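The values are calculated or read from the model by the stated rules, or taken from the named source; none is laboratory data. Since the model is a prediction, treat every value here as computed from it, not as a measurement. Quick reminder, even Gly has a Cβ in these numbers, built from the backbone with ideal geometry, and neighbours come from all protein chains shown. What goes into the accessible areas is simple: the full protein's heavy atoms, side chains included, and nothing from ligands, DNA or RNA. Shrake-Rupley method; radii C 1.70, N 1.55, O 1.52, S 1.80 Å.
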Amino acid sequence: MTLPATCLGFPRIGVARELKKSLERYWSGATTAVDLEIVATDLRRRHWLAMKEAGMDEVPTNDFALYDHVLDAAVMLGVVPSRFRDIEDPTTRYFAMARGYQDPALGVDVRAMEMTKWFDTNYHYIVPEIAADQVFTLDAAKILRDVDEARATGVKPRPVILGPVSFLLLSKAAAESTGAPEPITVLGSVLPLYQQLFAMLAKHGVEWVQLDEPCLVTDLDNRSREAYERAFAGLTKCSPRPLIMLTTYFGSLNENLSLATRSGCDALHVDLVRAPEQLGEALSALPPAMSLSTGLVSGRDIWRTDLDRAHAMCRRAVTVLGTDRVRVATSCSMLHVPVDVEAETKLDVEVKSWLSFAAQKLGEIRALADAATEVVPSGRAFDEARAILSSRRASPRTHDKSVRDRVASVTQSMLTRSAPFAERAAAQHARFGLPQFPTTTIGSFPQTSEIRAARAAWRAHHITDADYETFLKQETARCIAAQETLDLDVLVHGEFERNDMVEHFGERLAGFAFTKNGWVQSYGSRCVKPPIIFGDVMRPRPMTVDWATYAQSLTTRPVKGMLTGPLTILQWSFVRDDQPRSETCVQIALALRDELADLERAGISVIQVDEPAIREGLPLRRKDWAGYLRWAVDAFRLTTSVVMNDTQIHTHMCYSEFGEILGAIIELDADVLSIESSRSNMELLSDFARVGYPNEIGPGVYDIHSPRVPSTDEIFGRLEMASNVLSSKQLWVNPDCGLKTREWSEVNSSLKAMVAAAKRARAQLGAR
Ligand code: GLN
Ligand code: ZN
């Protein structure tokens, strides 16, 4: 007896990043929309065929998007902000919404829609904007096209549709439209379109739709709960309609379970990877007319599934519900994992055997669905999974006794600097003698095409290690000289030897592996290749001391040692699933702690530990926040508390909402915090003032993501604003983030204006 098997969505980008390449060719003007569509059609077809071959009984359609599925949902509902309405060509308009649109000849300059993180993943979606006079109109063309295309490949399509409540909860009121409603209040105008769509799909012979409502695993206020009740009543009553599989993922339904089980939908999908504990409750709450889709294979991580563990859950469901009412699926869409392990030809064979990417996950789902009624499943898939899992568990590469012993011996005193901030600050001021409003930058300087070319040549063994090093030294020296000319106070080495702030450290630590093709979509055409943390993390030798001491040898001004913090390394990697994340984080923190000690010993007096991703690790549910923040803060403090009082610790954070975690940021107890704030025009600072931020702080004074060069007046104005709410004794002057994406000419002009503004501030604002 077998169960129906399916997945909730497939990676779009292609095993060789075909979509990325095709998009970028199209955007550059080298190809046409037709060329792009040929590539996209081929990708969809290929992925459906892969699912068919792997024995999926039903395949997701409409999960593919040229840029983003939330943007697609907005287009489906006619939610096109007015600034784009004059763009006639639909493809041009679609990408204009995603990326902005400039046509200097016509004097057109339309700003892109906002982008933000998709729940707690590293995928970013486009935030729909609902205007005051919003008119909703249904455009189902793409959904119907996908259904037809899928059928033509011989598979049974199940359109994936972002549900109305999640759609509205993920939207925002259009900023430029006065009186724009809170999105959730317009549910009544959106529902009829979903009903029309469902009727259309039913007529088109679609049996099941996948109604994605991931917001059901978040904390909901009463208004959102009522919205859900109303939406489900409206959607399930319309006739004709397809059967509805209500999909939830990324966490537990918890108190929202009854909303889902009383929804009247025909199946409920629950994420049993992130929240296995919800199975029991779901089984008892499920009404007789509803079947259960069990999300047993992770769409979020890259580890082979423990098939026996998953099988036990599946069997439990079958025992209660019978074989007719259970299906097997991925926990969520596989958007968040790479396509195929088989594309990794250079990966360490042992580590490779532990991995499962999208293509392999399909096989795991099929095996689970086929074994659902067996008491002790047999067969190749299970035997192999057992053998590999036990070899992974036993592998000396995942357990290093010295690392374990060290983690066990961490004490509370290792988490605290030897003196409170005031005393440290006095020692640091005496040591450095910096002026008020000291100036610095965040770390990286332009990664020019020359630098990238040299790195590529070195990686391909076209130039020797020595030649590459000489080249990097020249660049570093030039960067130090440029900063002295600009008269910056605390310098950086420029990070020319780094391509990526996490990969650079992962490559120098034990316990990490790197793929060649393990790309996942971050947004649009942008992909990232997260390192894989498979084993105990250890630092075999110093990682940054040579570059730091070389840079420091070139100047008498302090040069910051530059490290990526433990939380950011964790957050931007695929992390082992056989121990709590917090434990892996402590291992990383200990490795970095040794690096700080070595830097200090080598004479580096200022050390920055970047934590741009600290906010991203925050759990979806508020009740889980305190637990995360506790170990997150402790990991940072374990990393940094090793240094002496007169060694100055900086940290840097950017591009997140920090307002809600200010308490934790204070607890980090960094001597200096540089933080993005120019895009919100320093709004964040009043929050810092309100909570009485005690240490020193450098609110970014200009946005480095734009080529625009700020004026001295503008930067001075921001410093004035900052010194109105915080003491000028606390303030540092720095850009928002690293400068690696900018040109040298922009950097020179911007920093010149910044230093001039700081000097004016010293003269005019110093006493505040
Ligand atoms: N030090 C890093 C840089 O300047 C920080 C990058 C980041 O915040 N994302 O590039
Ligand atoms: Zn940054």
- Message: For the chain, what does the relative contact order come out to in percent, with C-alpha contacts under 8 Å and a separation of six or more?
- Response: 12
- Message: I'd like the carbon and sulfur percentage of the solvent accessible area for region 484-557, probe radius 1.4 Å, heavy atoms only, ligands and nucleic acids excluded.
- Response: 45
- Query: Which aspartates and glutamates have a Cα less than 16 Å from the Cα of Lys346, not counting those fewer than 8 places away in the same chain?
  - Reply: Glu507
- Under 12 Å Cα-Cα from Lys401, which aspartates and glutamates qualify once same-chain neighbours fewer than 8 residues away are excluded? Asp536
- Filtered hits (aspartates and glutamates, Cα-Cα < 17 Å from Lys623, offset >= 8 within chain) -> Asp120, Asp219, Asp221, Glu255, Glu277, Glu660
- Task: Using DSSP to define loop residues, name the GluC sites (Glu not before Pro) in region 1-105 whose beta-carbon has at most 12 other beta-carbon atoms within 10 Å.
- Result: Glu88
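Under a 1.4 Å probe, what is the accessible area of the chain per residue, stated in Å²?
Ligands and nucleic acids excluded, the figure is 38 Å² per residue.
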- Pick out, in residue order, every one of the trypsin sites (Lys or Arg not before Pro) in region 216-267 that is DSSP loop and has at most 16 other C-beta atoms within 10 Å; say none if there are none. Arg262
- Message: Using the Cα centre of the chain as the reference point, and only Cβ charges (+1 on K/R, -1 on D/E), how large is the resulting charge dipole? Debye, rounded to the nearest 20.
- Response: 540
- Residue-wise HN-Hα coupling along region 721-727, computed from phi with Karplus coefficients 6.51, -1.76, 1.60 (Hz; x: Gly, Pro): 4, 5, 6, 6, 9, 10, 6
- Query: Between region 108-145 and region 477-542, how many Å separate their Cα centres?
  - Reply: 32
- Message: Tell me the carbon and sulfur percent of the accessible area for region 59-152, rounded to whole percent, probe radius 1.4 Å.
- Response: 50
- Query: Out of every Cα pair in region 122-177, what percent are spaced more than 17 Å from each other?
  - Reply: 57
- Message: If Rh is defined by the Kirkwood formula over all Cα pairs and Rg also comes from Cα, what ratio Rg/Rh do you get for region 14-159?
- Response: 0.99
- Query: Can you give the helix-only mean residue ellipticity at 222 nm for the chain, where every DSSP H stretch with n ≥ 4 adds -39500 (n - 2.57) and the sum goes over all residues, rounded to the nearest 500 deg cm²/dmol?
  - Reply: -13000 deg cm²/dmol
- Per the Kirkwood formula over distinct C-alpha pairs, the hydrodynamic radius of the chain in angstrom is 27.9
- Above-threshold pairs, the threshold being 20 Å between Cα atoms, out of Lys117/Lys156; Lys117/Lys529; Lys473/Lys759; Lys21/Lys740; Lys52/Lys352; Lys156/Lys237: Lys117/Lys156; Lys473/Lys759; Lys21/Lys740; Lys52/Lys352; Lys156/Lys237
- Query: How many percent of the alpha carbon pairs in region 39-83 exceed a separation of 14 Å?
  - Reply: 60
- Could you tell me what fraction of 2.2 N^0.38 Å the Cα radius of gyration of region 379-481 comes to, as a two-decimal ratio? 1.94
- Note on the structure: region 646-768: relative contact order from alpha carbon pairs under 8 Å, six or more residues apart, as a whole percent, is 26
- For Ala112 and Thr464, what is the calculated FRET efficiency with R₀ set at 51 Å and r taken between the beta-carbons, to the nearest 0.05? 0.70
- Out of Ile302, Val206, Gln483, whose Cα points farthest toward the positive end of the dipole of the chain (charges: +1 Lys, Arg; -1 Asp, Glu; placed on Cβ)? Ile302
- Taking the Cα-to-Cβ direction at Leu49 and at Glu714 and moving 7 Å from each Cα, how far apart do the two end points lie in nm? 5.2
- Kirkwood hydrodynamic radius (Cα pairs, Å) of region 132-291? 16.6
- Helix axis angle, 625-640 relative to the chain longest principal axis, alpha carbon, degrees: 30
- In units of 2.2 N^0.38 Å, what is the alpha-carbon radius of gyration of region 140-215? 1.32
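For region 303-401, what does the relative contact order come out to in percent, with C-alpha contacts under 8 Å and a separation of six or more?
Answer for region 303-401 is 41 percent.
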- Query: If the chain between Glu281 and Lys172 were fully stretched, how many nm would it gain, using 0.36 nm times the residue separation less the Cα-Cα distance?
  - Reply: 35.9 nm
- Note on the structure: Sparse-neighbourhood loop hits (trypsin sites (Lys or Arg not before Pro), region 456-564; DSSP loop; Cβ within 10 Å at most 15 others) -> Lys516
- In Å and whole numbers, how far do the C-alpha atoms of region 657-768 stretch along each principal axis, longest first? 39, 31, 22
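What do you get when you divide the Cα radius of gyration of region 401-557 by 2.2 N^0.38 Å, with N the number of residues?
Numbers: Rg = 19.5 Å, N = 157, 2.2 N^0.38 = 15.0 Å.
For region 401-557, the normalised Cα radius of gyration comes out at 1.30.
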- Given q = 0.11 Å⁻¹, what are the Debye log10 I(q)/I(0) values for region 210-288, with equal point scatterers placed on the Cα positions and solvent ignored? -0.26
- Expressed in angstrom and ordered largest first, the alpha-carbon extents of region 541-634 along the principal axes are 49, 24, 19
- So for the chain: antiparallel DSSP bridges make up what percent, rounded to the nearest 5? 20
- Task: Could you look at region 260-353 and say what percent of its accessible area is carbon and sulfur, using a 1.4 Å probe and all protein chains?
- Result: 50
